[in-house]
1. Restricting to segment 1-32, name every residue that is small (Gly, Ala, Ser) and crowded, with 16+ Cβ neighbours inside 10 Å.
2. So, in segment 234-247, exactly how many residues are surrounded by 20 or more Cβ atoms within 10 Å (Cβ to Cβ) and over 21 Å from Leu164 (Cα atoms)?
3. Considering only segment 166-193, how many residues are without any contact (Cβ under 8 Å) to a residue 60 or more places away in the chain, crowded, with 18+ Cβ neighbours inside 10 Å and within 23 Å of Ser285 (Cα to Cα)?
4. Being basic (Lys, Arg) and within 17 Å of Ile269 (Cβ to Cβ) is the filter here, so list the residues in segment 116-150 that pass it.
5. Considering (1) within 24 Å of Asp113 (Cβ to Cβ); (2) at pLDDT below 95, say which one Glu182 fails and leave the rest.
6. Quick one: is Ala93 closer than 22 Å to Ala38 by Cβ, more than 19 Å from the chain's Cα centre (by Cα), aliphatic (A, V, I, L, M) and part of a strand (DSSP E or B)?
7. Looking at segment 96-117, which of its residues are part of a loop (DSSP other than H, G, I, E, B) and either within 24 Å of Ala133 (Cα to Cα) or free of Cβ contacts under 8 Å to residues at least 60 places away in the same chain (or both)?
Amino acid sequence: MVAGRLLAERQSRHRMKHPLLPADYEDPRLALVEVTAAWETEGTSGAVLVEDGEVTGYLLGAPKPSAVWGANVWVEQAGQAVRDPEMMRDLYAVAAAKWVAGGRTAQYVLVPDEVELVDAWFRLGFGAQHAHAVRPVPVEPIAMPDGLIVRRAERGDIAVLAELDLVLPRHQALAPVFSAGEVPTLEEALADWEESIDDRDYATFVAERNGQVIGCSIGCSIEKSSAHSRLAQPDNAGFLAYAAVLPEARGNGAGRALGDSVLNWAADIGYESVVTDWRVTNLLSSRAWPRLGFVQTFHRMHRMIGY
């Protein structure tokens, strides 16, 4: 129960800065459910901090079975809470000894947007890798720029949508992101769109300039995203799941218009906020989405041991 109280306290502090995050987990009983789930994840290990006979912090990490992430360990949303952020460094020193001894040298941690806690992880050798962010829906519809048409995608757009599916992973394979994520083949993307174009759970928009489709964006319910669940999932929220513009068409406002289209859609649906995420080394998205009003709520930080 103590760990649940610690996590509930963390969520309360977090919501003072980011009130769109869910209030439910300020209840220690619900927070304890999340700590318990983290503890029961296969392969979990960690450390607890005991001061004067009282538990005042904990850290839990578990591996993910993915070749992309390397021999890894992840500290997820409910995997850490501590009253004194500086003491997270002591918790990590104990937990990481076992992780590294087990060969878990690729380490990832999802850190709530608390300045002192982020700084503690920074001083443990972790750097920013990925941003999670949220913003309220617009009060009034956002107008599209002149010369650009943004509309819902149609079956006749499948060929260009498949091309656009490859744009983001190809871009993120380049400097300065250097992502190791797999780039699908055009044939795979075509097959996926043939199957999913009529899926009403997703709102797909395309941007046209001079009669040519140059970009797309996708909106859906936040429940479709496993990365934005539980403590990181605002109530009644939409999700900006994807956006890409052909390289030769960038710089004319299409990316912003596509993001705004998802915001307008979310407001029309009746959502109260919209969530998105991005690689912080992606220079395009890390500048575009904050300009649309997205405010970072969680920092995914990363350290590779031994280099």
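The values are calculated or read from the model by the stated rules, or taken from the named source; none is laboratory data. Not measured: the values here are computed from a predicted model. Virtual Cβ from ideal backbone geometry, glycine too; neighbours counted across all protein chains shown.
1. Narrowing segment 1-32 to residues small (Gly, Ala, Ser): 3-4, 8, 12, 23, 31.
If the condition is that a residue be small (Gly, Ala, Ser) and crowded, with 16+ Cβ neighbours inside 10 Å, then Ala3, Gly4, Ala8, Ala31 are the ones that fit.
2. Start the filter on segment 234-247 by keeping residues that are surrounded by 20 or more Cβ atoms within 10 Å (Cβ to Cβ), which leaves 234, 237-241, 243-245.
Among the residues that remain, those that are also over 21 Å from Leu164 (Cα atoms) are: 234, 237-238.
Counting residues in segment 234-247 that are surrounded by 20 or more Cβ atoms within 10 Å (Cβ to Cβ) and over 21 Å from Leu164 (Cα atoms) gives 3.
3. Residues in segment 166-193 being without any contact (Cβ under 8 Å) to a residue 60 or more places away in the chain, crowded, with 18+ Cβ neighbours inside 10 Å and within 23 Å of Ser285 (Cα to Cα): 1 in total.
4. Restricting attention to segment 116-150, the residues satisfying the condition of being basic (Lys, Arg) are 123, 135.
Selection gives Arg135 alone.
5. (1)
6. On the way: closer than 22 Å to Ala38 by Cβ: yes; more than 19 Å from the chain's Cα centre (by Cα): yes; aliphatic (A, V, I, L, M): yes; part of a strand (DSSP E or B): no.
Answer is no for this residue.
7. Selection gives Gly102, Gly103, Arg104, Asp113, Glu114.
Conditions (1) farther than 22 Å from Pro145 by Cα; (2) within 19 Å of the chain's Cα centre (by Cα); (3) outside the structural domain of Met144 (by TED's automatic domain parsing), marked per residue:
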| site | (1), (2), (3) |
| --- | --- |
| Arg250 | no, no, no |
| Trp265 | no, no, no |
| Val280 | yes, yes, no |
| Ala288 | no, yes, no |
| His302 | yes, yes, yes |
| Tyr307 | yes, no, yes |
